[in-house]
Amino acid sequence: MRSELPEIRDFEPYLYRMSHNHAVNMLRKNARESILRSKIISLSPLNLPEQEVQRKETEALISNAIECLPKQQKQVFILSREQGLNQKEISEKLEITIPTVKSHMTQALRFLRMRCRHLYPITKLLILLTLACLPS
């Protein structure tokens, strides 16, 4: 909306409203993700000691799979899923195009799904749901 900037009479209130709206949107997004994660956790029967061990082993396998990603795919994945950056922010930070970010993310997720396909069904479901609800 850069073309509309000259039409703005009072830039300070405009900037305040824009910042306020962005902050509210981010808080809503985080709240939705938090609710989804708590629902997933409440549905999963991972409370027994042996299941806790299995969960930790699964997390280790997933972490290992992430470490096996090519450097650029790994950077894009970590910036997106662990740091919560969107595609535009990743593009700017890594100085690559948005389509390149999308391509790296698609390839990384495909690799991780293939690498983790042998995991027990509930974990596969949790991984897919978690990856799907995080920022892209």
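The values are calculated or read from the model by the stated rules, or taken from the named source; none is laboratory data. Note that the structure is predicted; figures quoted are calculated from it, not measured. Every residue, glycine among them, receives a Cβ derived from its backbone with ideal geometry; neighbour counts consider all protein chains shown.
Key figures
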item	result
Any pair with Cβ under 8 angstrom, 6 or more apart, that starts in region 100-112 at a residue that is among the charged types (D, E, K, R) and ends at one that is surrounded by 18 or more Cβ atoms within 10 Å (Cβ to Cβ) and assigned to a helix (DSSP H, G or I)	K102/Q87
Filter result for A60 (at pLDDT below 85 and either among the hydrophobic types (A, V, I, L, M, F, W, C) or more than 17 Å from the chain's Cα centre (by Cα) (or both))	yes
Matching residues in region 36-57 - criterion: being modelled with pLDDT of 70 or more, closer than 17 Å to C116 by Cβ and loosely packed, with under 15 Cβ neighbours inside 10 Å	K56, E57
Pair list, Cβ < 9 Å and 6+ apart or interchain, from region 14-33 residues that are acidic (D, E) to residues that are part of a helix (DSSP H, G or I) and surrounded by 10 or more Cβ atoms within 10 Å (Cβ to Cβ)	E33/C133
